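Have a look at the structure below before the remarks.
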Amino acid sequence: LYPLYFIVIASISNPDLVNTGQIAFLPRELTLEGYARTFREASVWRGYRNTILYTTLGTCINVSLTMTAGYALSRRELAGRSVIMKLIVFTMLFSGGIIPTYLIVKGLGMTNTIWAMVIPNAVSAWNLIIARTYLQQSIPQELLEAAVMDGCSFARFFWSVVVPLSTALIAVLALLYSVGHWNSFFTGLIYMQDYAKYPLQLILRDILIGFQSTGAADDAKTLQEMQRIADLMKYALIIVASFPVMVLYPFLQRYFVKGVMVGAIKG
């Protein structure tokens with residue numbers, strides 16, 4: 001916890017004291033200038049809006065596809081499911097690479113659109129394996145057979161039985177996928193050219209680079225002041241970018257531990 005604690009106290013302390021190692025456990029010469037400058041940037045709010053949109057839509061697509069695919073692969077009725085699983089595992093070891101992936105996304109007309117942020121990584125092979133294993137262990141075959149005898153379709157069984165019994169799994173998938181979308185940097189860097197559509201992580205990077213580049217200014221005093229502001233904003237930006245995830249995690253932690261343990265053991 002100390003690195004996180006240090007970032008918090010460094011974000012409200014004099015950056016000169018932080019850089020000289022005089023801040024260890026308690027903040028000194030308190031200042032909120034870093035946060036004030038951060039929130040005065042209109043682009044930060046725009047980045048928040050974009051990232052919330054990408055995270056919400058992307059997580060809904062991720063969880064929906066992972067749950068339905070995991071359920072199908074967990075059922076013995078699916079012909080060739082072992083072959084399908086081998087092909088899915090193969091993608092964890094070998095990928096097409098960045099350039100072929102980019103060409104596919106560009107060919108589909110998704111570059112510089114919201115779909116480039118949510119479609120290419122719609123399903124994680126690792127999360128799919130967790131979902132399939134969890135559903136295999138938690139949903140007995142006899143339950144499906146009894147439901148089918150009562151006239152229940154596969155789709156109705158999934159929505160009425162499987163989903164309510166998979167709360168822990170859904171919470172785990174939502175947490176893993178949402179954190180991935182929230183921290184997504186490389187995807188936006190590759191597929192987004194419109195600054196107005198940048199996710200938060202790219203906005204924060206550009207703000208820091210902008211402050212550092214303007215430091216090549218007129219004199220040493222100006223350079224020192226710009227470096228001081230950059231140091232202040234650096235820690236403030238880390239807190240601003242991490243705060244939503246830190247707020248979300250405690251509420252999902254118990255599901256995270258339970259779901260990962262159940263889905264990771266083959267019974």
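Return a yes/no flag: does region 10-23 have any residue that is over 21 Å from the mean Cα position of the chain (by Cα), among the polar types (S, T, N, Q), over 30 Å from LEU202 (Cα atoms) and at pLDDT 85 or above.
Within region 10-23, none of the residues are over 21 Å from the mean Cα position of the chain (by Cα), among the polar types (S, T, N, Q), over 30 Å from LEU202 (Cα atoms) and at pLDDT 85 or above.
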Expected output for region 1-15 (first residue under 13 Å from SER242 (Cβ atoms), partner part of a helix (DSSP H, G or I), Cβ below 6 Å, 6+ apart or cross-chain) is ILE7/TYR235; ILE7/ILE238; SER11/GLY34; SER11/TYR235; SER11/ALA236; SER11/ILE239
Can you pull out the residues in region 148-162 that are closer than 14 Å to SER74 by Cα and open to solvent by less than 50 Å² (accessible area, probe 1.4 Å)?
-> PHE157, PHE158, VAL162
Of residues in region 26-72 being modelled with pLDDT of 90 or more, among the hydrophobic types (A, V, I, L, M, F, W, C) and open to solvent by less than 30 Å² (accessible area, probe 1.4 Å), the one nearest to the chain's Cα centre (by Cα) = VAL63
For TYR134, which of the numbered conditions (1) in contact with a Gly (Cβ under 6 Å, 6 or more places away or on another chain); (2) of a type in the set (Ser, Thr, Tyr); (3) without any contact (Cβ under 8 Å) to a residue 24 or more places away in the chain fails to hold?
-> (3)
Residues that are small (Gly, Ala, Ser), at pLDDT below 75 and crowded, with 20+ Cβ neighbours inside 10 Å: which helices (runs of 4 or more DSSP H) entirely in region 183-265 hold 1 or more of them?
-> 220-263
Yes or no: ILE114 open to solvent by 60 Å² or more (accessible area, probe 1.4 Å) and out of contact with any Cys (no Cβ under 7 Å at 6 or more places or on another chain)?
-> no
Is it the case that region 153-161 has a residue that's assigned to a helix (DSSP H, G or I), among the small types (Gly, Ala, Ser) and in contact (Cβ under 8 Å) with a residue 12 or more places away in the chain?
-> no
Any hit, region 97-117, residues being among the hydroxyl-bearing types (Ser, Thr, Tyr), more than 24 Å from the chain's Cα centre (by Cα) and either more than 30 Å from PHE243 (Cα to Cα) or not in a helix (DSSP H, G or I) (or both) = no
Sole miss for GLU145 among (1) open to solvent by less than 70 Å² (accessible area, probe 1.4 Å); (2) free of Cβ contacts under 8 Å to residues at least 24 places away in the same chain; (3) closer than 16 Å to SER74 by Cα is condition (1)
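The values are calculated or read from the model by the stated rules, or taken from the named source; none is laboratory data. For clarity, every value in this text was computed on a predicted model and none was experimentally measured. Virtual Cβ from ideal backbone geometry, glycine too; neighbours counted across all protein chains shown. Each accessible area value is taken on the protein alone, full model and side chains, heavy atoms only, with ligands, DNA and RNA left out. Shrake-Rupley method; radii C 1.70, N 1.55, O 1.52, S 1.80 Å.
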